[in-house]
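Here's the structure we're looking at; comments come further down.
The values are calculated or read from the model by the stated rules, or taken from the named source; none is laboratory data. Bear in mind that the values here come from a model prediction, so they are computed numbers and not experimental data. Backbone-built Cβ (ideal geometry, glycine too); neighbour counts: all protein chains shown.
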Amino acid sequence: MRTPWEGEAKVLDGKAVAAQIKDEIRERVATLRSQGVVPGLGTILVGEDPGSMTYVAGKHRDCAEVGIESIRIDLPETASEEEILAAVKQLNEDDACTGYIVQLPLPKGIDTNKILEAIDPAKDADGLHPTNLGRLVLRVSEPINSPLPCTPRAVIELITRNGIDLAGKDIVVVGRGTTVGRSIGLLLTRKDVNATVTLCHTGTQDLADKVSRADVVVAATGAAGIITADMVKPGAVVLDVGVSRVEVDGKSRLAGDVADGVDEVADYLSPNPGGVGPMTRALLLANVVESAEREAAKLES
């Protein structure tokens with residue numbers, strides 16, 4: 001989807017809302033520091049993949065902006081599974097670390113699931129540990145006192161902070177990846193959101209028909225331009241979460257899942273980049289701070 005667009009769709013500005021969330025986080029961090037609790041974000045980076053290095057560096061810049069401490073563990077590309085697990089154990093046992101991520105992808109030959117499942121669920125900054133997803137499955141109406149999946153939470157926050165009520169809405173999620181598709185329904189169908197969710201994927205028959213019935217479309221496939229204007233119901237809310245690369249004039253460029261022209265049909269549309277991405281980064285910080293707040297509450301009790 002080109003930006004800026006020419007249609008009348010209102011922008012779901014992730015950068016602006018993320019800045020608001022960071023302001024709120026900065027205040028919460030200051031409160032924690034006044035209580036003697038300092039939130040800390042840890043990262044484990046294996047190898048020197050340029051994209052991963054940029055992503056991790058961005059996380060630590062975000063921390064500096066809001067007063068969260070940074071704990072960085074960088075391992076060589078040749079690191080063994082045992083060495084990576086040792087780094088995970090180190091952060092699990094480090095009281096200065098209130099949340100952390102293992103940057104993916106890991107090198108070939110490493111059991112990624114084994115590494116991720118070794119993370120202390122209380123310090124799971126991405127909110128995708130099986131224990132934390134299991135809590136979402138089991139707790140439909142009770143408060144959730146564990147980290148939440150960042151990108152699904154980002155989608156919901158971006159919508160609701162723009163004054164859009166999701167209760168009773170029909171939502172179509174396109175893409176069944178763990179990061180978004182498989183986990184977002186757990187949040188959207190909680191009683192405090194109360195939406196109805198249809199999950200579409202490569203086995204879905206007549207995708208266009210299902211998308212055309214949706215009040216809200218969350219596109220998270222990584223297939224460039226898969227959501228076209230003729231598929232979208234007039235007045236719908238469309239969030240472009242997927243990222244892929246396409247060749248334009250001989251150059252590789254990032255592309256989202258939403259095609260040009262959707263801006264002329266949708267009522268609200270998130271840009272990509274600049275929509276859900278900045279929100280995801282902000283809500284990862286929120287997970288780190290909320291873990292620190294839970295620890296602070298334990299100390300007081």
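Quick check on this structure: which one of VAL238, VAL174, VAL243 is out of contact with any Phe, Trp or Tyr (no Cβ under 8 Å at 6 or more places or on another chain) and crowded, with 23+ Cβ neighbours inside 10 Å?
Values: VAL238 fails: out of contact with any Phe, Trp or Tyr (no Cβ under 8 Å at 6 or more places or on another chain); VAL243 fails: crowded, with 23+ Cβ neighbours inside 10 Å.
Within the list VAL238, VAL174, VAL243, the selection yields VAL174.
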* Asked: Quick one: in segment 279-298, which of the residues that are of a type outside the set (A, V, I, L, M, F, W, C) and out of contact with any Asp or Glu (no Cβ under 9 Å at 6 or more places or on another chain) is surrounded by the fewest Cβ atoms within 10 Å (Cβ to Cβ)?
  -> LYS298
* Structure fact -> Of the conditions (1) farther than 27 Å from TYR55 by Cβ; (2) crowded, with 20+ Cβ neighbours inside 10 Å; (3) more than 20 Å from the chain's Cα centre (by Cα), the single one that THR228 does not satisfy is (2)
* (1) buried (at least 19 other Cβ atoms within 10 Å of the Cβ); (2) at negative phi: which one isn't true of LYS210, the others all being true? -> (1)
* **Residues within segment 170-200 that are in contact (Cβ under 8 Å) with a residue 60 or more places away in the chain and in a loop (DSSP other than H, G, I, E, B), tallied** => 2
* In segment 43-69, which residue that is crowded, with 17+ Cβ neighbours inside 10 Å and not β-branched (Val, Ile, Thr) is nearest to the chain's Cα centre (by Cα)? -> LYS59
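Rundown of residues vs (1) at pLDDT below 95; (2) in contact with a strand residue (DSSP E or B) (Cβ under 8 Å, 6 or more places away or on another chain); (3) under 30 Å from GLY36 (Cα atoms), yes/no style:
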residue	(1), (2), (3)
ILE226	no, yes, no
ALA229	no, no, no
VAL258	no, yes, no
MET279	no, no, yes
GLU295	yes, no, yes
LYS298	yes, no, yes
